[in-house]
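Visitor: Have a look at this one before I ask anything.
The values are calculated or read from the model by the stated rules, or taken from the named source; none is laboratory data. Here the structure is a predicted model, which means the values were calculated and not measured.
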Amino acid sequence: MAFQKTALCIFEKIRKTLIIPSITAWPVASEISYGQKFSSSVLSGHTAATPGSFSFENPESTSTAGVVNQYVLFTLEDTFTYSSIRKELSITVNKMELKHNRDFGIGQVL
């Protein structure tokens with residue numbers, strides 16, 4: 001019985017000591033426009049030695065215009081052996097382009 005508990009404790013300790021994956025190149029985020037969610041940005045140019053996927057930590061968030069930082073997660077297919085890692089990337093959020101119609105006159109009801 002004592003051997004089984006010791007073996008189980010060792011197994012759990014090994015299991016909790018996850019390997020950090022090797023990322024050769026982190027992705028670059030495409031520009032988005034004001035009001036768009038970060039999930040609208042395309043992550044490209046990334047390579048990793050271990051199979052997995054890149055995604056925004058808060059994909060449903062939006063931001064003001066300008067260059068903003070957002071965390072990107074690398075989640076591996078083998079979550080038993082590897083831990084997920086994250087890195088802060090810069091994303092350009094463009095100002096919203098205002099469109100107007102010059103056909104309306106002053107005082108005209110829209």
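Every residue, every condition in (1) under 17 Å from the mean Cα position of the chain (by Cα); (2) modelled with pLDDT of 95 or more, yes or no:
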{"residue": "Thr6", "(1), (2)": "no, no"}
{"residue": "Ile14", "(1), (2)": "no, no"}
{"residue": "Ile23", "(1), (2)": "yes, no"}
{"residue": "Pro27", "(1), (2)": "yes, yes"}
{"residue": "Leu43", "(1), (2)": "yes, yes"}
{"residue": "Tyr71", "(1), (2)": "yes, yes"}
{"residue": "Glu77", "(1), (2)": "yes, no"}
{"residue": "Val93", "(1), (2)": "yes, yes"}
{"residue": "Ile106", "(1), (2)": "no, no"}
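Visitor: Going through segment 79-90 one residue at a time, which ones are modelled with pLDDT of 85 or more and part of a loop (DSSP other than H, G, I, E, B)?
Guide: Taking segment 79-90 as the starting set, the residues that turn out to be modelled with pLDDT of 85 or more are 84-90.
Of everything in segment 79-90, just one residue is modelled with pLDDT of 85 or more and part of a loop (DSSP other than H, G, I, E, B), namely Ser84.
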